[in-house]
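Worksheet: the structure to be examined is printed underneath.
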Amino acid sequence: MVHFVGAGSGALDLITVRGARLLREADVVIYAGSLVNPELLSYTKETCELYDSAKMTLEQVIEVIRKAEEEGKVIVRLHTGDPSIYGAVREQFDALQELGIEYDVCPGVSSFCGAAASLKTEYTLPDVSQTLIITRSPGRTPVPERESIRALAAHQATMLLFLSTSLSGQLQEDLLAGGYPGNTPAAVVYKATWPEERIFRCTVETLHQTIRENGLTKTSLIIIGNCMGDQYLRSLLYHPGFTTEYREATE
């Protein structure tokens with residue numbers, strides 16, 4: 001049995017209870033060494049076999065899993081954040097299905113959740129944005145043309161950009177050309193929730209300069225949107241004049 005586990009956004013104690021339990025039970029752990037906090041491996045037992053997938057191909061990962069499965073071992077594939085976001089897990093699922101190897105998935109706290117916590121920001125503010133766009137700039141991995149930054153920017157919704165820090169010049173140009181005003185609040189969170197976390201607040205028109213001046217090249221999340229501004233409507237959910245299933249309006 002293979003357990004795909006989301007390691008969480010970085011902090012040692014932000015892995016789920018289930019994820020930590022699976023790590024303790026594992027005989028083999030294949031972890032994304034380029035992104036996963038190595039302190040998480042402290043949850044494993046002394047006899048656990050550890051493999052850093054940053055140095056492996058998909059075929060090598062699957063071979064390790066196949067061999068461990070034949071030996072009846074408990075296997076954890078430890079991914080950064082939540083496996084469903086830029087985790088490259090689908091190809092692993094398909095390979096395991098072809099081999100008849102069972103697997104399940106334990107979700108994790110994505111870095112975009114960790115960044116919101118660090119920024120003390122609510123991404124979906126009433127009358128500001130009720131939509132969250134999670135995307136990336138095109139690099140060596142292309143992005144469908146219909147999902148270009150310029151096309152998505154037209155919505156002026158809250159936008160979270162993974163894997164885009166090294167492409168900030170073109171990104172800024174596309175954000176502005178797509179429709180975000182230059183003074184739209186922006187932030188770059190480096191290693192959200194890690195001990196070495198750093199936060200840089202700026203605007204869309206100063207985004208590239210902020211990234212360049214602070215030497216940010218990777219492991220950073222970019223947040224764009226007026227959710228980080230000061231103007232919004234109070235939620236109706238707790239408004240005294242709003243009736244819900246659980247209480248009557250009082251004014």
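The values are calculated or read from the model by the stated rules, or taken from the named source; none is laboratory data. Just so it is clear, the model here is predicted, and its values are computed rather than measured. Counting neighbours? That spans all protein chains shown, and the Cβs are built from the backbone with ideal geometry, glycine included. For the accessible areas, the whole protein counts, side chains as well, though only heavy atoms, and no ligand, DNA or RNA atoms are used. Shrake-Rupley method; radii C 1.70, N 1.55, O 1.52, S 1.80 Å.
Structure data summary
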read-out: Computed E for Arg150/Glu122 - FRET, C-beta separation, R0 41 angstrom, nearest 0.05; value: 0.95
read-out: Candidates per trypsin sites (Lys or Arg not before Pro) in region 84-136, loop by DSSP, up to 10 other Cβ within 10 Å; value: Lys120
read-out: Listed residues Thr57, Thr165, Thr131, most fluctuating in the chain (Gaussian network, C-alpha, under 10 Å); value: Thr57
read-out: Antiparallel bridge percentage (DSSP; both residues within the chain; nearest 5); value: 40
read-out: Per residue accessible area of region 1-146, 1.4 Å probe, in Å²; value: 53
read-out: Filtered GluC sites (Glu not before Pro), region 18-88: DSSP coil and at most 11 other beta carbons within 10 Å; value: Glu46, Glu71
read-out: Trypsin sites (Lys or Arg not before Pro) within region 154-249: DSSP coil, no more than 14 neighbouring Cβ in 10 Å; value: Lys218, Arg234, Arg247
read-out: Within a Gaussian network of the chain (alpha carbon springs, distance under 10 Å), most fluctuating of Asp94, Asp230, Asp127; value: Asp230
read-out: Zone residues, region 25-42, relative to Lys67, backbone N less than 16 Å from point 7 Å out along Cα-to-Cβ; value: 27-31
read-out: Accessible area (Å², 1.4 Å probe, nearest 10) - Leu176; value: 70
read-out: Under 26 Å from the Cα of Lys73 - lysines, other chains or at least 8 residues apart; value: Lys45, Lys55
read-out: Inter-site label distance for Ala249 and Met56 at 7 Å from Cα along Cβ, in nm; value: 5.9
read-out: Region 142-199 pair-distance distribution - Cα-Cα, 10 Å bins, rounded %; value: 20, 52, 23, 5
read-out: Extension gain (nm, one decimal) between Asn214 and Arg18, 0.36 nm per residue minus Cα-Cα; value: 66.9 nm
read-out: Accessible surface of region 40-145 [probe 1.4 Å, protein heavy atoms]: carbon and sulfur percent; value: 50
